[in-house]
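Where a number appears in this text, it was derived from the coordinates with a stated rule and is not lab data. None of these values were measured; they are calculated from a predicted model. Cβ sites come from the backbone with ideal geometry, for glycine too, and all protein chains shown count toward neighbours.
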Amino acid sequence: MSNKIKFAVIGQGHIGKRHAEMVRRNNDCELIAVCDIASKEQLGLNELKESYYTSAEKMLADHPEVEVVSICTPNGLHAEHSLAALREGKNIICEKPLALTKADCEKIIFRALKKNKTVFCVMQNRYSPPSMWLKEIVEKKIIGEVFMVQLNCYWNRDDRYYKKGGWKGTQNLDGGTLFTQFSHFIDIMYWLFGDVKDIQAKFNDFTHAKSTDFEDSGFVNFNFVDGGMGSINYSTAVWDTNLESSITIIGSKGSVKVGGQYMEKVEYCHIKDYTMPELAPTNEANDYGTYKGSANNHHYIFENVVDTLKGKNTITTNAMEGLKVIDIIERIYDLRKENRKS
């Protein structure tokens, strides 16, 4: 009898296809079924060997043997599909963001606890060597007390990305730039420095008034609950191609900057009595054709799922951490609502 963990995937867009492929490549996993509202032909899945559905409910009902369900649908459907899978007693892997509101995240966590199931949040940038290095120098206070943190996210997302009639750019299914483009980097910031308070923000929509329901740019500043202050400066109005995703940390014993287009390389390190180690190479960014996204680290997510469910390891990004990222974004966007009223 096979002891492979059985998976299903809801959503077969770019990222859903990637989840399916990660399951197929892992010797401890078995892909049972996938589903999407589009047909196999529309999605180019004519050669698919696993069962295909256009209804998540029917897929879940037909396959009680499935143990883990990947949620790879538009952001605004994550909560609905996560709750449906948990209702059927499945563990879930949810792409970012876990939901579009803190309240929906709490519903997911409550149902997971009630069903004694695990919610894995996909925050794969934590696996990048520069991110793991930052975690070490902050946790061990190699950089000393943290004074200032600046997170810069300057990307291109134009009409090549926002297709008319699609879900991207809509308030109810996309949610906003901080949810879809930059929640990975807010997760890294929260992972390193904890919660924030005293948030102030300004927003603008420079180039997306006709393609999205929300801002494309913002300046956000705050204090960290555990000390120090920080800022997030972001935009998807950059012309033609992504500029950078970077984090700069000023500490009492030194300063560092991790930059590049996807926060994939250490650009500056000057710390008292410290020699910068040689880091492992960073994986290439996910390539979606006309644009690129965050680090190509999804295989680590599935390895962690397997090891966690088999009792060999602990979860890398749990649902409470996923909730906190949403909580921070929601509080920032509450200021956006206030700005619109004034």
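Quick one: helix 319-341 against the long Cα principal axis of the chain, what's the angle to the nearest 10°, folded into 0 to 90?
60
Rounded to the nearest 10 degrees, what's the angle between the helix 183-193 long axis and the longest principal axis of the chain, both from Cα atoms, 0 to 90?
60
Give me the lysines in straight-line cross-link reach of Lys312: C-alpha distance below 21 Å, same-chain residues under 8 apart excluded.
Lys4, Lys6, Lys90, Lys117
Return the single residue from Gly322, Gly76, Gly13 with maximal mean-square fluctuation; model: Gaussian network over the chain, springs between Cα atoms under 10 Å.
Gly13
Sequence gap at least 6, Cα distance under 8 Å: using those rules, report the relative contact order of the chain to the nearest whole percent.
18
Cα axis of helix 14-25 to longest principal axis of the chain: angle in degrees, 0 to 90, nearest 10?
Result, in degrees: 70.
When you take every Cα atom in segment 106-150, what is the radius of gyration, and what is Dmax, the widest Cα pair distance, in Å?
16.2, 42
Counting pairwise Cα distances across the chain, what percent come out greater than 32 angstrom?
30
Counting trypsin sites (Lys or Arg not before Pro) as exposed when in a DSSP loop with at most 10 other beta carbons within 10 Å, what is the longest stretch of the chain free of them?
211-311
How much length is gained if the chain between Leu243 and Glu136 is pulled fully straight, taking 0.36 nm per residue apart and subtracting their Cα-Cα distance, in nm to one decimal? Don't skip to the end; give the middle numbers.
On the way: separation 107, 0.36 × 107 = 38.52 nm, distance 2.68 nm.
Length gained between Leu243 and Glu136: 35.8 nm.
Given a cut-off of under 8 Å on Cα pairs at least six residues apart, what relative contact order in percent is computed for segment 5-121? Please list the in-between numbers first.
Details: 209 pairs, mean separation 28.1, N = 117.
Relative contact order, segment 5-121: 24 percent.
Just to confirm my numbers, what's the Cα centroid distance between segment 157-218 and segment 26-67 in Å?
Going from one Cα centre to the other spans 30 Å.
List the chymotrypsin sites (Phe, Trp or Tyr not before Pro) within segment 73-165 that DSSP assigns to loop and that have no more than 16 neighbouring Cβ atoms inside 10 Å.
none
Could you give the length gained by full extension between Phe110 and Ser55, i.e. 0.36 nm per residue of separation minus their alpha carbon distance, to one decimal place?
Gain in length upon complete extension: 17.3 nm.
If R0 is 35 Å, what FRET efficiency do you get for Arg160 and Ser231 from their C-beta distance, rounded to 0.05?
E between Arg160 and Ser231, to the nearest 0.05, is 0.75.
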